[in-house]
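> Next up is a structure, given as structure tokens.
The values are calculated or read from the model by the stated rules, or taken from the named source; none is laboratory data. Note that the coordinates shown come from a computational prediction; the quantities given were computed from them, not determined experimentally. All Cβ positions, glycine included, derive from the backbone under ideal geometry; neighbour counts span all protein chains shown. When the accessible area is computed, the model is the full protein with side chains, heavy atoms only, and any ligands, DNA or RNA have been set aside. Shrake-Rupley method; radii C 1.70, N 1.55, O 1.52, S 1.80 Å.
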Amino acid sequence: MSKDLPLGKITSSGFKKMVFPLTGAKRETVIKGPKFGVDTAVIDIGNGMALATSSDPLSLIPSMGLKKSAWLSVQLLANDMATTGFKPQYAQYVLNLPASMSNADFEEYWKYIHEFSERLGIAITGGHTCKIEGQQSTISGGGTMFLTAPKDEILTSDGVQEGDAIIVTKSAAFSSSAILAASFPNKVGDLLGAEIQKLAADQFYKTSVVEEAIITRELLIPNDELHAMHDVTEGGVVGGLMEVAEACGIGFDIKDELIPLGTTQKAITELFGIDHRFSLGTGALLIMVKQEKAESLVQHLAKHKIDAKQIGNFSKTGEACRIKKGQTWSNITFNGIDPYWEAYFKALENGWN
């Protein structure tokens, strides 16, 4: 296997070498096209309006069940869309299902896809559904969401400016800890206690950033006071920041001890041997704002019962991505591989249930 194609999401070097040079026809209406670290495309549709769109894999994880899998499938897409500052409006889902899946299971899975989409106000406008021999992956296909909004108000993650404050909501490793606790409830309960297991697993349905993204945009002026948002997925809080930094060609300085880590997330990541800073963090949101607006945003989110903390600032164009641990600053290195995946499959191999 090529070093550019490890398991999980394609690396920056792989994207630039194999994907980015080949993006079809050039059209002047494409305001924001493919770019590593930028999850949404933006297309000018005239009259001061634009179409924003984003795609992501769909989840079908047997150990978690159909309802939780459907939640992830819808919510991961919705979170990407919410970083524009607006809620998604339309969705298309492509389902590549395992041949062994029964009609009853499919109907249940699709019912939840419908319910979670409807709850967010998303109309399902089409897609494709099939069963495939040999499909045993936890990825059941892919989806794309769309929205229309005023062109000048749509945010993308490459809008960061030098000196911007970096704010993180909730906790690092938010979804990886919830998924692991829900996937291996008996073992986690045995080793950490039933209370920790339940607290971690119950966080699962809080892996949405739609609310805090909209609340943030309502407080701050988009593309003036509020420069960018990025949902934390593979690679965790620090991996997500590195994606943003690369997209903007800019560095950042963060403090290790300021990266938020809840008690339950700490217990789960330590049990599974995961570095929380680089672990799947769906449910946490990175928000980049003018420094003078940082504290007012943190307080505003707190009024809505959303924990948030400033962990550092973006620096200057071309500078390194650095982290301070104790009294020592060091450049950040990350191989692009989220430790969640190894922990999950290792637990399966060890017979955890």
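> For the range 326-353, what are the residues that are open to solvent by 50 Å² or more (accessible area, probe 1.4 Å), within 25 Å of the chain's Cα centre (by Cα) and closer than 27 Å to Val160 by Cβ? Walk me through it before giving the result.
Within the range 326-353, the first condition is being open to solvent by 50 Å² or more (accessible area, probe 1.4 Å), and the residues that meet it are 327-331, 333-335, 337, 341-342, 345-346, 348-353.
Applying the additional criterion that residues be within 25 Å of the chain's Cα centre (by Cα) yields 331, 333-335, 337, 341-342, 345-346, 348.
The answer is Asn331, Thr333, Phe334, Asn335, Ile337.
> Separate question: Quick check, is Gln136 free of Cβ contacts under 8 Å to residues at least 40 places away in the same chain, open to solvent by 10 Å² or more (accessible area, probe 1.4 Å) and not small (Gly, Ala, Ser)?
Here the answer is yes, as Gln136 does meet what is asked.
> Looking only at the range 89-118, which residues are under 22 Å from Ala213 (Cα atoms), part of a strand (DSSP E or B) and open to solvent by 50 Å² or more (accessible area, probe 1.4 Å)?
Across the range 89-118, the qualifying residue is only Tyr90.
> I'd like to check which strands (runs of 3 or more DSSP E) are fully inside the range 1-88 and have at least 1 residues that are open to solvent by less than 60 Å² (accessible area, probe 1.4 Å) and free of Cβ contacts under 8 Å to residues at least 40 places away in the same chain.
Details: elements: 30-32, 41-46, 49-59.
Passing ranges, in order: 41-46.
> Under 7 Å between Cβ atoms, at least 6 apart or on separate chains: pull out the pairs that start in the range 161-176 with a residue that is within 26 Å of Asp224 (Cβ to Cβ) and end on any residue that is acidic (Asp, Glu).
Thr169/Glu212; Thr169/Asp307; Lys170/Asp307
> Just checking, does the range 126-149 include any residue being assigned to a helix (DSSP H, G or I) and either modelled with pLDDT of 95 or more or of a type in the set (D, E, K, R) (or both)?
Scanning the range 126-149 turns up no residue that is assigned to a helix (DSSP H, G or I) and either modelled with pLDDT of 95 or more or of a type in the set (D, E, K, R) (or both).
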